[in-house]
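The values are calculated or read from the model by the stated rules, or taken from the named source; none is laboratory data. The model shown is predicted, which means the values in this text are computed figures rather than measured ones. Backbone-built Cβ (ideal geometry, glycine too); neighbour counts: all protein chains shown. The area values use the complete protein model at the heavy-atom level, side chains included, leaving out ligands, DNA and RNA. Shrake-Rupley method; radii C 1.70, N 1.55, O 1.52, S 1.80 Å.
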Amino acid sequence: MQANWFSRQGCERERNSDAAAVIQLEHTILAVLVDGAEKGPNGAELARHWAHVSAQALLQISNGASSEMMRCLKEEQQRLRHTFLHDIASYCMIALDLETLEVQLWHCGDCLVGVQHGEEIRWLTTPHSLAMQPGLSPLGSNDEYLARQQRLTRCLNARRFSAPDHYMFTLPPGQTLLIATDGYWQEYLNTGTPLQQLCDDASLLSLPIKEKVHFHINQNSDADNLNELMHE
């Protein structure tokens, strides 16, 4: 299976504010996807910065201890106030052990992680959005649903640390791990909007689940927003 990075600026966006980082080790894949909101002045810069620092955190905490990871992420979040006080983002992080096929996953916001077999996609995470909150009043229209879907209940920001959800899975071999921003999974896959007409930035990182990790990632992006590193 081929690894791919697809990323496209939305028609209603001034620039592509998605970013990703991938680190390939001998028996491990570390990957981060970040979706920076355009509401703040430096959303694209925040996405690239967080993709880099959180990927380095995955690399430094080799055993993926959740408590250590949370501590590291909180320290990095506190540093954001110096440059990214008014910016927010969603992100997903994964550490995939290719010998055991065990994956550790952290996510905050509305980026999703899933696995694909053939044409079937099974999402492993649930977006932190108002639409997913229980006990809300019934929806009056599709526009109301979209408004709730776009309102995050948890996100990366400089003012307050929102701990990401942490999961552990054992994945079946021969499938592809997907990490997608909401512009891709919600607007393109769920709504069926053609790629050329997407309002939001849309990005998808697809990684094969196989024993030999050293693969080349084909890039189809309108921005220089994938940081790929081979680490011996």
* Counting only residues that are within 30 Å of residue 230 (Cα to Cα) and either in contact with a His (Cβ under 6 Å, 6 or more places away or on another chain) or not in a helix (DSSP H, G or I) (or both), how many does the range 169-219 have? -> 32
* Asked: Considering 105, 101, which residue is in contact with a Ser or Thr (Cβ under 9 Å, 6 or more places away or on another chain) and open to solvent by less than 10 Å² (accessible area, probe 1.4 Å)?
  -> 105
* To do: Give the residues of the range 1-22 that are modelled with pLDDT under 95 and either open to solvent by less than 30 Å² (accessible area, probe 1.4 Å) or among the hydrophobic types (A, V, I, L, M, F, W, C) (or both), sorted by residue number.
  => 1, 3
* **Subset of the range 34-88 (residues that are in contact with a helix residue (DSSP H, G or I) (Cβ under 6 Å, 6 or more places away or on another chain) and small (Gly, Ala, Ser))** => 36, 37, 57
* Mind checking which residues of the range 108-132 are open to solvent by 20 Å² or more (accessible area, probe 1.4 Å) and touching a strand residue (DSSP E or B) at 6+ places or on another chain (Cβ under 9 Å)? -> 116, 117, 121, 122, 123, 124, 126, 130
* Selection from the range 75-98 of residues that are aliphatic (A, V, I, L, M) and either closer than 23 Å to residue 172 by Cα or surrounded by fewer than 23 Cβ atoms within 10 Å (Cβ to Cβ) (or both) -> 80, 85, 88, 93, 94, 95, 96, 98
* Asked: Of all residues in the range 83-113, which are closer than 16 Å to residue 48 by Cβ and without any contact (Cβ under 8 Å) to a residue 60 or more places away in the chain?
  -> 83
* Asked: Which of the residues belonging to the range 156-168 are open to solvent by 20 Å² or more (accessible area, probe 1.4 Å), assigned to a loop (DSSP other than H, G, I, E, B), touching a residue at least 12 places away in the same chain (Cβ under 8 Å) and not aliphatic (A, V, I, L, M)?
  -> 159, 161
* **Unmet requirement for residue 184, which otherwise passes all of (1) under 30 Å from residue 71 (Cβ atoms); (2) modelled with pLDDT of 95 or more; (3) open to solvent by 20 Å² or more (accessible area, probe 1.4 Å)** => (1)
* Residues in the range 1-16 that are within 11 Å of residue 222 (Cα to Cα) and more than 19 Å from the chain's Cα centre (by Cα): how many? -> 0
* Looking at the range 46-54, is at least one residue open to solvent by less than 10 Å² (accessible area, probe 1.4 Å), within 15 Å of the chain's Cα centre (by Cα) and over 22 Å from residue 82 (Cα atoms)? -> no
